[in-house]
Amino acid sequence: MDKVVIVTGAGRGIGAAVARRVAREGYAVAVNYQRDAAAAESVVAGIRAAGGKALAVQADVAVPEQVRRLFATVERELGLPTALVNNAGITGRLGKFPEADPVMVEAVFRTNVLGLMDCTRAAIAAFRRGGQGGVVVNVSSTAAASGSPHEYVWYASSKAAVDGFTMGLGKELATEGIRVCGVAPGFALTDIHAAAGEPDRAQRVTSRIPMQRPAQPEEIAEAVAWMLSPAASYVTATTLRCGGGV
Ligand code: NAD
């Protein structure tokens, strides 16, 4: 059976780096994107130019019907998924919880937690039909353990939910040959921080990182590629921090 992976939110940032990296492992890669088709097509073009197989597929992971369509399209065009990287994520704008817009908080949970669960449910169904197990890698955050006070408690809480899901589901599926793992980046300079709405935050956050520098998205992609690989065959129900010492 061919190796087929869906990487959500893979038009840019960490997701794009993951898509490029796992294509080098022989995966046919579904590059999921929400809005920016041109960015996703450019990731696909790069993978194809390097001799790999990839397809851009639009879907908002926060909308169950679109998740169903994403999986149906991937199965039709690339084959049954054998792996899923739940990378799509949003933070909402920086601020304190009591004043935060509840609609924004709900959107963060809808994408980071419920959307991730919907994708995972669809992936498990595909893995079971394929009969050869599968791997899910959830992109979490070191914020899950710090709580990110005064910044985005709701985002940190959503990632803590993701870590709990990884742990519980990994155990639930352990005898089925399906592994569920997580990778928790610390701080990587991607567009996600532009959305948070504080331009000089990068310097402040970097000063708290033991390695005194942000991650390159490619460094996070290495950890995800390892989690997906047979080298991690005895690793499940756990999340690896990839935070430069955070
Ligand atoms: P990014 O904003 O560049 O990428 C996020 C991607 O997810 C974008 O392409 C966006 O369009 C997509 N996305 C958002 N909502 C979506 C939806 N509903 N459906 C489909 N796609 C959607 O940010 P990034 O830093 O590359 O983030 C990737 C992941 O890494 C996120 O889960 C984020 O929480 C996590 N993370 C990032 C950092 C960091 O410092 N950059 C740190 C810890 C964790």
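Which ³J(HN,Hα) values in Hz, rounded to whole numbers, follow from the phi angles of the range 24-36 under the Karplus curve 6.51 cos²θ - 1.76 cosθ + 1.60, where θ = phi - 60° and Gly and Pro get x?
Working through the residues one at a time gives 5, 8, x, 6, 6, 10, 8, 8, 6, 9, 8, 10, 8 Hz.
Which value at 222 nm does the chain reach when only helices count, each DSSP H run of 4 or more adding -39,500 (n - 2.57), with the total divided by all residues and rounded to the nearest 500 deg cm²/dmol? Walk me through the numbers before you get to the answer.
Numbers: 10 runs with 108 residues, N = 246.
So the helix-based figure for the chain works out to -13000 deg cm²/dmol.
Let me make sure I get this right: for the range 199-246, a, b and c are the square roots of the gyration tensor eigenvalues over alpha carbons, sorted descending. Under 1.5 in a/c it's rounded, otherwise prolate if a/b > b/c, else oblate. Which is it?
Details: a/c = 3.47, a/b = 2.51, b/c = 1.39.
Prolate, because a/c is 1.5 or more and a/b exceeds b/c.
Enumerate lysine pairs in the chain that are 8 or more residues apart or on different chains, then count those whose Cα atoms are under 30 Å apart. Write down the numbers at each step before the final one.
Values: Lys3/Lys53; Lys3/Lys159; Lys3/Lys171; Lys96/Lys159; Lys159/Lys171.
The number of close lysine pairs in the chain is 5.
Which residues' amide hydrogens lie under 5 Å from the amide hydrogen of Gln58, considering only partners 5 or more residues apart or on another chain, with H built in the peptide plane?
Hits under the 5 Å cutoff: Tyr33.
Checking understanding here: applying a Kyte-Doolittle mean of at least 1.0 and a length along the axis of at least 15 Å (C-alpha), which whole DSSP H helices in the chain pass? Walk me through the numbers on the way to the answer.
Values: long enough: 13-23 (16 Å, 0.94); 37-49 (18 Å, 1.12); 64-77 (20 Å, -0.93); 116-130 (21 Å, 0.31); 153-172 (28 Å, 0.09); 217-228 (17 Å, 0.57).
TM-like helix candidates: 37-49.
Defining a contact as two alpha carbons under 8 Å apart and six or more residues distant in sequence, what relative contact order in percent does the chain show?
Dividing the mean separation by the residue count of the chain yields 19 percent.
What does the convex hull of the Cα atoms come to per residue for the range 4-242, in Å³?
Working: hull volume 27.8 nm³, N = 239.
Per-residue hull volume (Cα only) is 116 Å³.
Sorted by average packing, counted as other Cβ atoms within 10 angstrom per residue and highest first, what order do 1-14, 39-52 take? Could you put the intermediate results ahead of the total?
On the way: 1-14: 23.9, 39-52: 16.7.
Per-residue mean Cβ counts within 10 Å order the peptides as 1-14, 39-52.
With springs connecting C-alpha atoms under 10 Å apart, model the chain as a Gaussian network and identify which of Ile209, Ile220, Ile178 has the largest mean-square fluctuation.
Per the Cα network of the chain with a 10 Å cutoff, Ile209 tops the list.
Suppose every Lys and Arg Cβ carries +1 and every Asp and Glu Cβ carries -1, with no other charges. What dipole size does the chain come out with about its Cα centre, to the nearest 20 debye? Please list the in-between numbers first.
On the way: 25 positive and 22 negative charges, 73 e Å.
Approximately 360 debye in magnitude.
Take the Cα atoms of the range 1-104, find their three principal axes, and give me the spread along each one in whole Å, biggest first.
49, 26, 21
Hey, can you rank 164-172, 192-200, 85-93 by average C-beta count inside 10 Å, highest first? It would help to have the intermediate numbers written out before the result.
Values: 164-172: 17.0, 192-200: 13.2, 85-93: 24.1.
In descending order of packing, they fall as 85-93, 164-172, 192-200.
Using modelled backbone amide H atoms (1.01 Å from N, in-plane), which distant-in-sequence or interchain residues come within less than 5 Å of Thr239's amide H?
Gly182
Provide the net charge surrounding Ala49, with neighbours chosen by a C-beta distance below 13 Å and charges set as Lys +1, Arg +1, Asp -1, Glu -1. All intermediate terms of the calculation are to be shown ahead of the outcome.
Numbers: positive: Arg20, Arg24, Arg48, Lys53; negative: Glu41.
That sum, taken over residues with Cβ under 13 Å, equals +3.
Readers should treat all values here as calculations from the given coordinates under stated rules, not as data from a laboratory. Just so it is clear, the structure is predicted and the values come from calculations on it, not from any experiment. As a convention, Cβ positions derive from the backbone with ideal geometry for all residues, glycine included, and neighbour counts pool all protein chains shown.
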